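The values are calculated or read from the model by the stated rules, or taken from the named source; none is laboratory data. In this text, all values refer to a predicted model and were calculated from it rather than measured experimentally. When we count neighbours, we look across all protein chains shown, and the Cβ atoms used for this are built from the backbone with ideal geometry, even at glycine. Remember, those area values only see protein heavy atoms, side chains included, never the ligands or the DNA or RNA. Shrake-Rupley method; radii C 1.70, N 1.55, O 1.52, S 1.80 Å.
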Amino acid sequence: MAAPSGVAETVAAIRRGSEYVVIPIFALIVSAALFSLFLLALGKSPQQFLELVWRGGFGTSFSWENTLTRAAPLILTALAVAIPARLGLVIIGGEGALVLAGFASAVAALPFLGWASPWLVMPVMFLAAVIAGALWLGAVGALRHYRGVNETIASLLMFYIAVSVLNFFVEGALRDPSDPNKPSTAPIGAANMVGPIPWLKDWLDIGVHWGLVFGIVMAVVLHILMNRTTFGFAARLTGGNVRAARAQGLPVGKLMVLATMIAGACAGMAGYFEVAAILGKANGSLIAGYGFTGILVSFLARHNPIVIPPVAILFGGLAAAGGIIQRRMGLPDATVLVLQGLIFVVLLVSETLYGRFSFFDPEARK
Amino acid sequence: MSDAALVTVATAMFAGAIRVSTPFLFVSLGECLTEKSGRINLGLEGTLVFGAMTAYAISYHSGSPWIGVLAAGIAGSLFGALHGAVCRLPRVNDVAIGIALMLFGTGLAFFFGKPYIQPTAPRLPSIDFGFLVSNPQLKEALKINPLFFVGLLVAVAMWWAFKNTRVGLTVRMTGDSAATARAMGTSVDLVRFLATTAGGFLAGVGGAFLSLYYPGSWNEGLSSGQGLMAVALVIFARWNPLACFVAALLFGGAGAIGPALQSVGISQGYHFFNAAPYILTLIIMIASTSPKRSLKGAPGELTLMK
């Protein structure tokens, strides 16, 4: 984008940019209206629903704690969708990378338990997760480029395979025999767990783990990478038109593999924090749907890394409010899933509105 | 492994292939029809789950499983119609809409299906071909659901129709080149809308089989990605309905490896055998695609293959 030289051009740029804010917000309002009709048809009060979402997600420091704890993995899994999406790849198996990376980090801790300092164990676990995630989704990018295998389906199949790998080991060779309740790996130990971010805890009484900071930092870093570097430029060019990018001599294949590896590393980080900050071990609870909600977050943010954190917090709040809505309104826990699905559909349909209003861009009217 | 155990495993896999393949068959035929028209519907996973819930609920309330099957088909065609109608808008991506509808359909199915997890609905009956053989295990294996034969019939009919009828030709033309179809005066949007709606109907019926026959109850873990595997299955079958039938049997057999081995006491690696259909699908996709050329039989308009 060329730097605007005059006031009129600045105004025009803001107008054009506002399209990307107004249309998603409009889509959210339409979703809320449709969902309200759905609730009315069931004889429930939409107003009570909205109040509960507010209270359960954003009303108190406790609800903020729940919201941000859920937002942290969502930021990272959404980034895992956004970066490949810039190259035109639709990866929906981030959940698989999260699960496998979480498992890998718990396994990496095993040889060190009981003797090593957390200063050794924590980086080892973190690296294990990032590498596992990067290889897992990187394979999807490689398959796409070298074999022409569709990345959407390959990544999803690999999600199911990741779940089987986790189950195979936690119910077999790596099962902690001292835990009779749920098949899990051995606990990584309290000392090796990631604690809450101190200043958020002290000042605002919100206990959120460091995954939130990692998520936001990654969002900023990837925003810079995609918008201010040659890599980002080449990636966007590839996403715009693969043939043109190839004709320009861009290494399309390498870009695809690299983008999916970055994506996998992000999902892997989410897996690490789920194990190291929440669960303390690897088990079936890793499969919590963060990878799938991340797809939605990324689409709502229009695959723009810097927009992902606020959207993730919005959806984290929605997920956090799920429990209270279910109890107070006598609705099934799938209510939040219905709302999320509805938002996703409306949002994608709203894509058709871009470029249709002369208000946003008087010149490019069509 | 002894001979007797081998026979047991083979029989269990044969029975499993027939039992497990039916939902694969229906959902892949639905996907095949949709893709032949040039569009891809990843939402069939959601349609399958919603169809399963609808079939169970309607069967419970009406007392007739066949009314349940019909209701599942109608519910499925509504999802298909929604996909078909939305995708004709400019700038709307059919793959992404499919993912969204998968989420939405699954959410609605879980939402409305909550009260039906406990009660027992009347199931679909099976036809007993056991009189043909003497082996007691084979007798059990030869209790086959009529929907299996309906699926086979649909596959043959669809294969024949693609080759020999005007409707089949129109669908194929629309899928291969929208420009040609337009030049011939065919409404591309209408053809794709109808193909997606009909595809949704078939997927809904596939879901009905899951809840009303095998495994034969409604719960939230009912479909583990069968609707999505159908997409891979159609690629494997090269968009040929008859090959879809063979591929569905193969997937059914792969899914039955784990339980079959368990029945003779081999439980080691059970979870890996559970993953067999997914690994098989992935291997098939790797083996059957190529970055250089488009696949034989692939509809030219398909975004997935570009």
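Quick notes on this structure:
- Condition check for B:I266: outside any helix (DSSP H, G or I) and among the β-branched types (V, I, T): yes
- Test for B:I18: is it part of a helix (DSSP H, G or I) and without any contact (Cβ under 8 Å) to a residue 24 or more places away in the chain: no
- The lone exception for A:W210 - which of (1) open to solvent by 30 Å² or more (accessible area, probe 1.4 Å); (2) in contact (Cβ under 8 Å) with a residue 24 or more places away in the chain; (3) within 14 Å of another protein chain (Cβ to nearest Cβ); (4) in contact with a strand residue (DSSP E or B) (Cβ under 9 Å, 6 or more places away or on another chain) it fails: (3)
- Scan of the range B:87-115 for residues that are of a type in the set (F, W, Y) and either crowded, with 21+ Cβ neighbours inside 10 Å or facing chain A (nearest Cβ under 7 Å) (or both), ordered by number: B:F104, B:F110, B:F111
- Residues in the range A:150-185 that are within 12 Å of another protein chain (Cβ to nearest Cβ), among the hydroxyl-bearing types (S, T, Y) and either farther than 16 Å from A:L100 by Cα or touching a residue at least 60 places away in the same chain (Cβ under 8 Å) (or both): A:T152, A:S155, A:Y160.
- Close pairs (6 angstrom Cβ cut-off, 6 or more residues apart or separate chains): closer than 11 Å to B:F79 by Cβ and touching a residue at least 24 places away in the same chain (Cβ under 8 Å) in the range B:91-119, in a helix (DSSP H, G or I) and among the basic types (K, R) anywhere: none
- Subset of the range A:270-291 (residues that are within 14 Å of another protein chain (Cβ to nearest Cβ), buried (at least 21 other Cβ atoms within 10 Å of the Cβ) and within 13 Å of the chain's Cα centre (by Cα)): A:Y290, A:G291
- Residue satisfying condition, being in contact with an Asp or Glu (Cβ under 8 Å, 6 or more places away or on another chain), assigned to a loop (DSSP other than H, G, I, E, B) and over 18 Å from B:G16 (Cα atoms), within set B:W218, B:W239: B:W239
- Scan of the range A:294-339 for residues that are closer than 28 Å to A:G240 by Cα and open to solvent by less than 10 Å² (accessible area, probe 1.4 Å), ordered by number: A:G294, A:I295, A:L296, A:V297, A:S298, A:A301, A:P305, A:I308, A:A312
- Checking the range A:142-149 against the condition returns a match, with at least one residue being touching an Asp or Glu at 6+ places or on another chain (Cβ under 7 Å), in a helix (DSSP H, G or I) and either within 12 Å of chain B (Cβ to nearest Cβ) or modelled with pLDDT of 95 or more (or both).
- If only residues of the range B:200-222 that are among the hydrophobic types (A, V, I, L, M, F, W, C) and either within 14 Å of chain A (Cβ to nearest Cβ) or in contact with a Ser or Thr (Cβ under 7 Å, 6 or more places away or on another chain) (or both) are counted, the one that is most open to solvent (accessible area, probe 1.4 Å) is B:F201.
- The residues of the range B:223-252 that are more than 12 Å from the chain's Cα centre (by Cα), more than 14 Å from chain A (Cβ to nearest Cβ) and open to solvent by 10 Å² or more (accessible area, probe 1.4 Å), listed by number, are B:R238, B:N240, B:L242, B:A243, B:V246, B:L250.
- Residue match in the range A:104-117 (condition: more than 18 Å from the chain's Cα centre (by Cα), assigned to a loop (DSSP other than H, G, I, E, B), surrounded by fewer than 20 Cβ atoms within 10 Å (Cβ to Cβ) and on the phi > 0 side of the Ramachandran plot): yes
- Within the range A:293-340, if we keep just the residues that are assigned to a helix (DSSP H, G or I), more than 18 Å from the chain's Cα centre (by Cα) and of a type in the set (A, V, I, L, M), the residue that is modelled with the highest pLDDT turns out to be A:V338.
- Residue among A:L222, A:L258 that alone is assigned to a helix (DSSP H, G or I), surrounded by fewer than 21 Cβ atoms within 10 Å (Cβ to Cβ) and either β-branched (V, I, T) or touching a residue at least 12 places away in the same chain (Cβ under 8 Å) (or both): A:L258
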